[in-house]
């Protein structure tokens, strides 16, 4: 079971760092590195769903702009929305 979670975490790290745009690579990579080891299984699944969203909608959501999709009100989305990238 632990190795399964570690494999999932490796996939999440890869997906967050290789998005397609350097800006989102840095933003999501930093966000993921900060919170990944603090998340439970349900929150890991929420993070996977977040990472499946295209860069344009994620960028707009992060910056408070209009998006083409509806974002759920959950812990991961709230963490991402309030994340301060430095």
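The values are calculated or read from the model by the stated rules, or taken from the named source; none is laboratory data. All values reported here derive from a predicted model rather than from experimental measurement. With ideal geometry, Cβ positions are generated from the backbone for all residues, glycine too; neighbour counts draw on all protein chains shown.
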For segment 37-52, what are the residues that are under 21 Å from residue 70 (Cβ atoms) and assigned to a helix (DSSP H, G or I)? 42, 43, 45, 46, 47, 48, 49, 50, 51
Within segment 14-23, residues being touching a helix residue (DSSP H, G or I) at 6+ places or on another chain (Cβ under 6 Å) and in a helix (DSSP H, G or I) number 3
Unmet requirement for residue 31, which otherwise passes all of (1) at pLDDT 95 or above; (2) over 11 Å from the mean Cα position of the chain (by Cα); (3) in a helix (DSSP H, G or I): (2)
By residue number, the members of segment 61-86 that are in a helix (DSSP H, G or I) and crowded, with 16+ Cβ neighbours inside 10 Å are 61, 62, 76, 77, 79, 80
Taking the criterion of being surrounded by fewer than 14 Cβ atoms within 10 Å (Cβ to Cβ) and touching a residue at least 40 places away in the same chain (Cβ under 8 Å), would at least one residue in segment 34-46 satisfy it? yes
